[in-house]
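Asks: A single structure is presented below for examination.
The values are calculated or read from the model by the stated rules, or taken from the named source; none is laboratory data. Only a predicted model underlies this, so the values are computations on that prediction, with no experimental measurement involved. Every residue, glycine among them, receives a Cβ derived from its backbone with ideal geometry; neighbour counts consider all protein chains shown. Just the protein is used for accessible areas: all its heavy atoms, side chains included, with ligands, DNA and RNA removed. Shrake-Rupley method; radii C 1.70, N 1.55, O 1.52, S 1.80 Å.
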Amino acid sequence: MLKIGISACFMYPDPSRVVFGPKHLAYVEGDMFSYVSQEGILPVLIPDLPVHKLTGILAELDGFVFQGGTDLAPQSYGEEPIVSGKWLGDPYRDAYELRLMDYAIQHQKPVLGICRGLQLLNVYFGGTLYQDISLQVPGSIVHRDAALYDQVTHKIKLVPGKTLEKIYPEKEMDTVNSVHHQGIKKLGEGLEVLASCREDGMVEAVQANGAANLNAIAVQWHPEFSVGKMPPHLDPLRLYAYFVEKVKNQL
């Protein structure tokens, strides 16, 4: 059985929380667990442990999925907040996930980044982010609405000849959900763009193009939210099948 590690989201001590108020919690969003848990695959929530305890666990994993969640902190890519007190991100989670990403890349373990996971991969390779697309990208469309959440959609254009176009060879463009207000500004060194937003050109998918890192791919949308939905959404299971095939090929 394949073992796929999923990076954790965190909730920090909060006295107003009825359950585990004073405790630090790690969790996976439910649709993500369902998405990863295909036949023959064991999803593993990667614990937040000191490096000397974590290394042995990571060595047992066959692939890594970096899920969505809170913003990356501007300090994690060398910036300060552009608006005082807003979009501060989660530097603790950034440090935890960047350690995991470094392990995966250095050990040539397949990586699938989703939403925040795309942004994390970009930052790992030295890229930067728009802290808020609506403020920093003139003419941009709405990429996030808290009330509508994953009902917000837009078209993406697949770059001809690249991996995403090979996964979906019959598609030139298609529809994806949009649940983010941050996005790639400066592309990380060694990454290539696989798809962009048709309406405003925001980067929607990337892949590492170095010889040792070809198994790292990431998308800005949430494929796990689209499972079972009728077209025109881009088929999320084909993307995951591509990732799983890469995992199998590394064994």
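Asks: Determine the sum of side-chain charges near N215: Lys and Arg each +1, Asp and Glu each -1, restricted to other residues whose C-beta is under 9 angstrom from that of N215.
Replies: Counting the neighbours of N215, the net charge comes to +2.
Asks: For the chain, what is the per residue volume of the convex hull drawn over the alpha-carbon atoms, in cubic angstrom?
Replies: So the per-residue Cα hull volume is 139 Å³.
Asks: Sort the following peptides by mean Cβ neighbour count (other Cβ atoms within 10 Å, averaged over residues), highest first: 77-85, 169-177, 138-146, 236-244.
Replies: 236-244, 169-177, 138-146, 77-85
Asks: How many percent of the accessible area of the chain is carbon or sulfur, using a 1.4 Å probe?
Replies: That share works out to 55 percent.
Asks: Report the relative contact order of the stretch 120-225, percent, no decimals, based on alpha-carbon pairs under 8 angstrom and at least 6 residues apart.
Replies: Relative contact order comes out at 30 percent.
Asks: Excluding ligands and nucleic acids, what accessible area in Å² is computed for S16 using a 1.4 Å probe, to the nearest 10?
Replies: That residue has around 90 Å² of solvent-accessible surface.
Asks: Could you tell me which chymotrypsin sites (Phe, Trp or Tyr not before Pro) in the stretch 1-30 are loop residues by DSSP with no more than 16 other beta carbons within 10 angstrom of their beta carbon?
Replies: Here the chymotrypsin sites (Phe, Trp or Tyr not before Pro) that fit, given the DSSP loop and packing criteria, are F20.
Asks: Then there's this: Could you tell me which trypsin sites (Lys or Arg not before Pro) in the stretch 43-137 are loop residues by DSSP with no more than 11 other beta carbons within 10 angstrom of their beta carbon?
Replies: Sparse-neighbourhood loop trypsin sites (Lys or Arg not before Pro): K86.
Asks: On to the next question. What share of Cα pairs, in percent, lie more than 26 angstrom apart in the stretch 1-129?
Replies: When all Cα pairs of the stretch 1-129 are counted, 24 percent exceed 26 Å.
Asks: Per residue and in Å³, how big is the convex hull formed by the alpha-carbon atoms of the stretch 18-93?
Replies: 159
Asks: Can you check what the net charge comes to around A95, using other residues whose Cβ is under 12 Å from the Cβ of A95 (Lys, Arg +1; Asp, Glu -1)?
Replies: -3
Asks: Going by the alpha-carbon gyration tensor, a ≥ b ≥ c the square roots of its eigenvalues, is the stretch 170-251 rounded (a/c under 1.5) or, if a/c is not under 1.5, prolate (a/b greater than b/c) versus oblate?
Replies: Judged from the Cα gyration tensor, the stretch 170-251 comes out oblate (a/c at least 1.5, b/c at or above a/b).
Asks: Still on this structure, I have one more. Rounded to the nearest Å, what's the spacing between the alpha carbon centres of the stretch 1-25 and the stretch 121-190? Just the number, please.
Replies: A separation of 27 Å, based on Cα centres.
Asks: Could I ask something else about it? Extension gain E245-R144, at 0.36 nm per residue separation less the Cα-Cα distance, in nm?
Replies: Working it through step by step, the gained length comes to 33.2 nm.
Asks: Can you give the accessible area per residue of the chain, in Å², using a 1.4 Å probe?
Replies: Counting only protein heavy atoms, the per-residue value for the chain is 46 Å².
Asks: Rounded to whole Hz and in sequence order, give me ³J(HN,Hα) for the stretch 60-72 from the Karplus expression 6.51 cos²θ - 1.76 cosθ + 1.60, θ = phi - 60°, writing x for Gly and Pro.
Replies: Each residue of the stretch 60-72 in turn: 7, 8, 9, x, 10, 10, 10, 8, x, x, 5, 4, 6 Hz.
Asks: Checking a compactness column here: for the stretch 121-194, what do you get for Rg(Cα) / (2.2 N^0.38 Å), N being the number of residues?
Replies: The stretch 121-194 yields a ratio of 1.22.
Asks: Still on this model: Rounded to two decimals, what is the ratio between the C-alpha radius of gyration of the stretch 47-192 and 2.2 N^0.38 Å?
Replies: Its radius of gyration relative to the 2.2 N^0.38 Å reference: 1.13.
Asks: So what are the ³J(HN,Hα) numbers for the stretch 186-195, from phi and the Karplus equation (6.51, -1.76, 1.60; θ = phi - 60°), rounded to whole Hz, Gly and Pro as x?
Replies: Going residue by residue, I get 9, 6, x, 5, x, 9, 10, 7, 9, 7 Hz, with x marking Gly and Pro.
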